[in-house]
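Inspection log for the structure reproduced underneath, given as structure tokens.
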Amino acid sequence: MTIIFLFMAIAFVLIGALIGSALSMLPGLHVYNVIGFFLLFYFTASFVLDPMLMVLMLIGMLVSYAFIFTIPSIYFSAPDDSTMFVLMPSLRYLKEGRGHEAVVLIATGALTGLFAIVLFVPLFMGPLSIVWNVISTHLHWIIGAVIAYMLLSEFPKDFGRHKNPLHGLKEGWKTIMAGYLTFFLSSILGIITFNKTIVPANHAFQSLMAPLIGLFATSSIILNLISKYEIPKQNIPKSIDSTPQDIFHGAIAGSSGGLFAAFLPAVTAGVGGYMASHAFAQKGDKSFLVSMGASRVVYYVGAIALFFLPVLHLRRGALAMGINLFFTPESVQQFYLVDMGIAIAGIYAFFMVIFASKFLAKRIYKINPKVLNLVVLGIVVALVYFMTSWQGLIIMSVATAVGLIPVLFNSRRSHCLAVILVPIWLNMSGISLGGLFGLW
Amino acid sequence: MKCPSCGREIPDDSEICPYCTASIKHRVKIRTIYIIAISLVVLASTYGVLAYYGGEVPITKIKDLGLTDNYNFIRLHGKVDGYPWVYENDYKVTSFRFKLDDGTGTVTIKLYGDVIKRMVNAHKIPAMGDTVDIKGTYMYSSNSLILNNIDYLTIERPEHKEVSLKNIVEAAPWDYKNGEKVYVNGNITSIREFSFGFVCTIDEKFDILIPRAYYSLNVINMSEMGSSYVQFYGALQFYQPKQPSDTYRVVNLPDLLSNAESYNGTFIRVPWAKVVDRNLLTKTIIVYSNGSEIPVYVRNGVKYYTPGDHVEIQGRFVNYKGTWEISVSHRNDFVSEPKWELISDPNYKILSKKSYISNGTMKEFSLVELRGRVVDYREFSYSLSLTVWANNQSYLVYVENKAMAKNLDYGSYVVIKGIVTFYNGQPEIKVRPFTNDVLEVIEG
Amino acid sequence: MKGFAHFLAGLTTATFIVVIANMYYGNNIIANEIVIHKALILILGGVFGILPDTIDFRFAKYLQKHDYEVDMDEWNLNPQLVADTLAKAIDQANEENREINVMLHTIKISSDQWRQYSVQFDTKNKKVICDIGPIISGFEKRPYITSYLPPEKAHAEASFKADLDYNYDAVTHVDILSGPDFSFFPEGNNKVRADFIPWHRRWAHSITLGIMFAPIGFMLYGFTPMGWTAFWVIMLGFWSHILTDHFGLMGSNMFPPFTTKRVPGFKVTRSMSTLANVYTNYLDILLIIFNVNALNYALSGKDYLSMSWLSYLGTNISYVEWYVVSLMNYLVYYILPPILISYLIIAWIRKRKGVKELSEKEARSAEQLEEYGGANG
């Protein structure tokens, strides 16, 4: 490798991080969708650019997304609490004028997650490959167990004021049933999307884009658009209310959850983080925020690190699959380059998220995020139309309707992830339900 | 005092902010987290240095490869064994392959798709005898290495030595080494197509094999070579038409004759001898090697061996009516004419260009163009021989591939482009395929 | 224990049963079903491991009939009402000789803020003490210190006549989501037993229910080796929940309808601490990996863990020998050292910082909170 290539690599990581940080500021826009768009261009221009540089640029985008998604999720999401049982910790912080503090906590978690990836994942290379070899023929029941746990672990949320057992059941089960309905509808949507290519064939590698955008992006944008905004003045602190123990606990829980999700197919950061927070008996908002940051970073970025990890080469997550369309990871050198890219993008993204948060915290009460949400809605719809044509738009609107159920009934949003979880699990267990829906 | 978290005014002695419930005592400075974040620079630069210096894959010996290396990324260093070959589909090269030998075993290297295109663009095409350093994904079941990136292939091509055609034609098996890189100058006088490539005869003496891979990848322009005086680069390979058997004992002719009694009835092999005389009636040739002569009885095909030929003999040493001779009559016995030939590299040099001269003189290896009438023609299994009447004289024309002649009949008026060669002392025009040579019927 | 720990404990039990069943039936019948035919039998262990809590918090909770409900709001805080109601219920249970249940409702202020109040039974002085606490926020339950009431308004006491047997003897806080309830059982001789959230750890946490669920295995797989395996997986998976719960203080009612009282626990773990959870989960996950490897080994002969003690036994060892020796080695090499080392480090840190072990009373209180948190988690 030449020194010029090394500098080119750093430059491309930074370019990717710049693009990623600009795009991540928009609420509801997921970096995977943008990456799909980039890949489409790269396929036609693959002779011009070295694939490794393209990979590093995409990694820069991903890392900065994993950090900077915090900004829209805290500042631009709806603080409308009229229907909620319990506020999300980040929203509570925002209401107390501590939005920046929440951002710093999440970014700290993300930072610890990054350390976990670049420092510990290479050290645990051997055990990871042993574990993978052992469980790779047992994924069907492991993922089935994850699904079973997701469904069984939700407890009714009610205030205990019921007239008779039936009324109590009805009250308590409202959220659970809404969750199960979301799960059921999402999995049907997933089975249909996986079994039948509804989108144009040349964009089939993005067939999941429409349902995912519908379930997560457009539904939350719509919620943001219909809810009231009253964001109080924010304070910019010099220190955060936390202890090293809180941060450590959150970091360990979040990183393990993220690694669990990055390691297993079909399990995503939300599910992994949820299970890890139970496994580590997590209490308190601070360690929750830290673990949220850590699990996201370890899930998104760790998947790429595992993809390049010399003995493992696990293909997890949309980016690894997208990269694998034009590139196969090979050498230890590439792994070093990737880890270098992750670390560089991580430094940039950490300071960027703090800076952006400071900038926004001073002005947030003057900004009306509804305009921003409308713009993003336009972008997302255009993106879906461009990538998956009108068929995609139909799927997206169906998915949006499903995605609104947990938002309106206060059930857990992660039930929407059944759209990936269930079809992959069915596929692994050799169960084919496609026939039920007249797919063949 | 102000709450450090929410910024509201709170009593001075508070331990917990009454508004936002934040602890005033137990706090972590953001500056500390900054320092931790900046410490990532150390990790980043460590990985950068590792990527720059380290990370080079160690060379693996082929004999050490096993099931555990399946799908591993490994590095091999060795010589290209034989010439590369390609698989084609619809006239497009889908796969380019060659064998690599590092002294402990061989592995097939495979290239697919875009990698082949990049290889041609970068002109990094392996040839026989090249030393290559290669990194790729090892596939255990097919004992092959997939090259995913042309940057992972480095070719060290040894310096080519010049050899004259005269020397190489006469050269014994031990005069050169297999895989030795040489170049020769000459004209292509004949082209025969085979599945593995094209065998071109240079100046009617010496054969050059152009692997089909180079032709399919368009790195060798046969028509340009056909109409030029060319410097051919390549690796020498000793071609033995018949594969010798191990059960035959290699002997030196003087040794054999001095200990004739002890060799009586044994199966022997003389690897290199020159035919000095032949007797078609007794089916015997007399061969000369290392200062001794011996008659060889050849049961079949003695007519192919003329005095001056170099032959390899495998047969039984017997005493026939008082004279010691080698009898070539057993099933595994043979007399063959082994020779050195050149496996072409993907590059060549045009020394001078030639053009077709209309009705030109019949100078050896010159290109001529002729228009005349066919007065006689004779078809062989692959080729075609014509007699053409033009310029008030008759010309002998030999068409190497009879598919080149369409609608040919007696009396056809034809245009002929070809190279002048001499056959049995007679000049003839040879029409070679895959070059600019033509045989075209103008009117029936 | 958290639901996750129960789920994992159930899964671990299932993997053990499957490995043993695979040995018992031979020919790798069970391993083939799981690996090749992708049977989901192991999930049953996890499902039935978490089921007792699911039944309790999703169904049993609503079947409880409340005789009294204390429902206050922020503008009408009355600690005396709480104390009086509880005292009255205790005496009523004694006098009318029947179970009396009192439901204490929570006081919601906004989506995130709740008024906390606490209830305490002073069994010596035969008093019920109620204190109105601060406003707290969310799951973290951080108090807003300006929201405390003046002590004379916040404190109330009421006395009762019967002898109260309250196993917990701790302060019960009523704060978020749905509140707790107490049942008072007359036990004769002027004695009354109080049960905290009485619907929990009763019939759903019982050996009997485990036996009743087990035939589901036959419904799924018929009377085949798989059916029998599923039978044991369900039964032992269900029991694993009761066993792990029993390591605490509360215990469960083991054999309803033959018994009605909870059997006290082993009192091994002090409170439902983070450490206890993390260690159990670590142990479970590593044991699952080991058993999965054992299944793979039975099926394909590939032993990815290849423990070093095996080399002392020579090359010709039976599967049982392999399993036992590997497991011992695995325990010694991979499971125990991390637990011991981390425990020692944490104990050292706690000692330096002067963190005291909880007394039994505090531990009971913590466990009570945890169990009740499970209802709202």
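The values are calculated or read from the model by the stated rules, or taken from the named source; none is laboratory data. What you are looking at is a predicted structure, and each value in this text was computed from that prediction instead of being measured. Cβ coordinates were reconstructed from backbone atoms using ideal geometry, including for glycine residues, and neighbour counts include every protein chain displayed.
Applying the selection to region A:271-295, what residues are at pLDDT 90 or above and over 21 Å from residue C:275 (Cα atoms)?
Answer for region A:271-295, where residues must be at pLDDT 90 or above and over 21 Å from residue C:275 (Cα atoms): just A:293.
Taking the condition away from chain C (no Cβ under 14 Å), touching a residue at least 40 places away in the same chain (Cβ under 8 Å), within 23 Å of residue A:415 (Cα to Cα) and among the hydroxyl-bearing types (Ser, Thr, Tyr), does residue A:186 pass?
Yes, satisfied.
Which one of these is surrounded by fewer than 16 Cβ atoms within 10 Å (Cβ to Cβ), closer than 16 Å to residue B:75 by Cα and hydroxyl-bearing (Ser, Thr, Tyr): B:137, B:94, B:154?
Result: B:154 is the single residue among B:137, B:94, B:154 that is surrounded by fewer than 16 Cβ atoms within 10 Å (Cβ to Cβ), closer than 16 Å to residue B:75 by Cα and hydroxyl-bearing (Ser, Thr, Tyr).
Away from chain B (no Cβ under 14 Å), part of a helix (DSSP H, G or I), surrounded by 16 or more Cβ atoms within 10 Å (Cβ to Cβ) and in contact (Cβ under 8 Å) with a residue 60 or more places away in the chain - does that describe any residue in region A:235-255?
Yes, because at least one residue in region A:235-255 is away from chain B (no Cβ under 14 Å), part of a helix (DSSP H, G or I), surrounded by 16 or more Cβ atoms within 10 Å (Cβ to Cβ) and in contact (Cβ under 8 Å) with a residue 60 or more places away in the chain.
So residue A:379 fits all but one of (1) closer than 24 Å to residue A:43 by Cβ; (2) assigned to a loop (DSSP other than H, G, I, E, B); what number is the exception?
Exception for residue A:379: condition (2).
Any idea how many residues of region A:225-234 are more than 11 Å from chain B (Cβ to nearest Cβ), in contact with a helix residue (DSSP H, G or I) (Cβ under 8 Å, 6 or more places away or on another chain) and either surrounded by 24 or more Cβ atoms within 10 Å (Cβ to Cβ) or over 21 Å from residue A:104 (Cβ atoms) (or both)?
Residues that pass the stated criteria total 2.
For region C:6-17, which residues satisfy the criterion of being crowded, with 24+ Cβ neighbours inside 10 Å and more than 10 Å from chain A (Cβ to nearest Cβ)?
Passing the criteria: C:9, C:12, C:13, C:17.
If residue C:94 satisfies every condition in (1) of a type outside the set (Phe, Trp, Tyr); (2) buried (at least 17 other Cβ atoms within 10 Å of the Cβ); (3) at pLDDT 90 or above but one, which is the exception?
Unmet for residue C:94, out of (1) of a type outside the set (Phe, Trp, Tyr); (2) buried (at least 17 other Cβ atoms within 10 Å of the Cβ); (3) at pLDDT 90 or above: (3).
Within region B:270-286, is there a residue that is part of a loop (DSSP other than H, G, I, E, B), in contact (Cβ under 8 Å) with a residue 60 or more places away in the chain and not assigned by TED's automatic domain parsing to the domain that holds residue B:170?
The answer is no; no qualifying residue exists.
Could you tell me whether region A:206-222 includes any residue that is at pLDDT below 80, in a helix (DSSP H, G or I) and more than 14 Å from every other protein chain (Cβ to nearest Cβ)?
yes
Keeping to region C:296-311, report how many residues are at the interface with chain A (Cβ under 8 Å from one of its Cβ atoms) and assigned to a helix (DSSP H, G or I).
1
Mind checking which residues of region A:330-347 are in contact with a Ser or Thr (Cβ under 7 Å, 6 or more places away or on another chain) and within 7 Å of chain B (Cβ to nearest Cβ)?
Result: A:330, single match.
Yes or no: residue C:60 away from every other protein chain (no Cβ under 11 Å), of a type in the set (A, V, I, L, M), in a helix (DSSP H, G or I) and on the phi < 0 side of the Ramachandran plot?
In short, no.
Among (1) free of Cβ contacts under 8 Å to residues at least 40 places away in the same chain; (2) within 11 Å of another protein chain (Cβ to nearest Cβ), where does residue A:350 come up short?
(1)
Taking only region C:40-57 into account, find how many residues are surrounded by fewer than 22 Cβ atoms within 10 Å (Cβ to Cβ) and more than 8 Å from every other protein chain (Cβ to nearest Cβ).
So the answer is 1.
Have a look at B:407, B:347, B:392, B:359 and point out the one that is polar (S, T, N, Q) and at negative phi.
Testing whether each residue is polar (S, T, N, Q) and at negative phi leaves just B:347.
Can you tell me which condition residue B:109 does not meet? The list is (1) out of contact with any Leu (no Cβ under 6 Å at 6 or more places or on another chain); (2) over 19 Å from residue B:178 (Cβ atoms), and all the others hold.
Unmet condition: (1).
(1) within 9 Å of chain A (Cβ to nearest Cβ); (2) out of contact with any helix residue (DSSP H, G or I) (no Cβ under 8 Å at 6 or more places or on another chain): which one isn't true of residue B:90, the others all being true?
(1)
Based on what the data block shows, is residue A:111 within 11 Å of chain B (Cβ to nearest Cβ) and in a helix (DSSP H, G or I)?
Yes: the conditions hold for residue A:111.
Condition check ((1) within 14 Å of chain A (Cβ to nearest Cβ); (2) under 21 Å from residue C:60 (Cα atoms); (3) within 22 Å of the chain's Cα centre (by Cα); (4) assigned to a loop (DSSP other than H, G, I, E, B)) across all residues:
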{"site": "C:201", "(1), (2), (3), (4)": "no, yes, yes, yes"}
{"site": "C:242", "(1), (2), (3), (4)": "no, yes, yes, no"}
{"site": "C:266", "(1), (2), (3), (4)": "no, no, yes, yes"}
{"site": "C:284", "(1), (2), (3), (4)": "yes, no, yes, no"}
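Any idea which of C:218, C:184, C:223, C:231 is in a strand (DSSP E or B) and hydrophobic (A, V, I, L, M, F, W, C)?
The match here is C:184.
Can you confirm whether residue B:80 is buried (at least 18 other Cβ atoms within 10 Å of the Cβ) and within 27 Å of the chain's Cα centre (by Cα)?
yes
Residues of region A:1-41 being outside any helix (DSSP H, G or I) and more than 14 Å from chain B (Cβ to nearest Cβ), which ones?
Result: A:25, A:26, A:27, A:28, A:29, A:30.
Exactly one condition in (1) part of a loop (DSSP other than H, G, I, E, B); (2) buried (at least 17 other Cβ atoms within 10 Å of the Cβ) is not met by residue C:124; state its number.
For residue C:124, the exception is condition (2).
Consider residue B:18 carefully, then state whether it is within 12 Å of chain A (Cβ to nearest Cβ) and either closer than 16 Å to residue B:143 by Cα or more than 41 Å from the chain's Cα centre (by Cα) (or both).
yes
If the requirement is being out of contact with any strand residue (DSSP E or B) (no Cβ under 7 Å at 6 or more places or on another chain), part of a helix (DSSP H, G or I) and without any contact (Cβ under 8 Å) to a residue 60 or more places away in the chain, which of these qualifies: C:33, C:95?
Residue meeting the stated conditions: C:95.
Does residue B:31 fit the bill of being surrounded by 13 or more Cβ atoms within 10 Å (Cβ to Cβ) and free of Cβ contacts under 8 Å to residues at least 24 places away in the same chain?
no
Of all residues in region B:39-72, count the ones that are facing another protein chain (nearest Cβ under 7 Å) and part of a helix (DSSP H, G or I).
Residues meeting the conditions: 9.
(1) buried (at least 16 other Cβ atoms within 10 Å of the Cβ); (2) away from chain A (no Cβ under 11 Å); (3) assigned to a strand (DSSP E or B): which one isn't true of residue B:75, the others all being true?
It is condition (2) that residue B:75 fails.
Out of all the residues in region A:240-299, which are basic (Lys, Arg) and out of contact with any Pro (no Cβ under 9 Å at 6 or more places or on another chain)?
If the condition is that a residue be basic (Lys, Arg) and out of contact with any Pro (no Cβ under 9 Å at 6 or more places or on another chain), then A:283, A:296 are the ones that fit.
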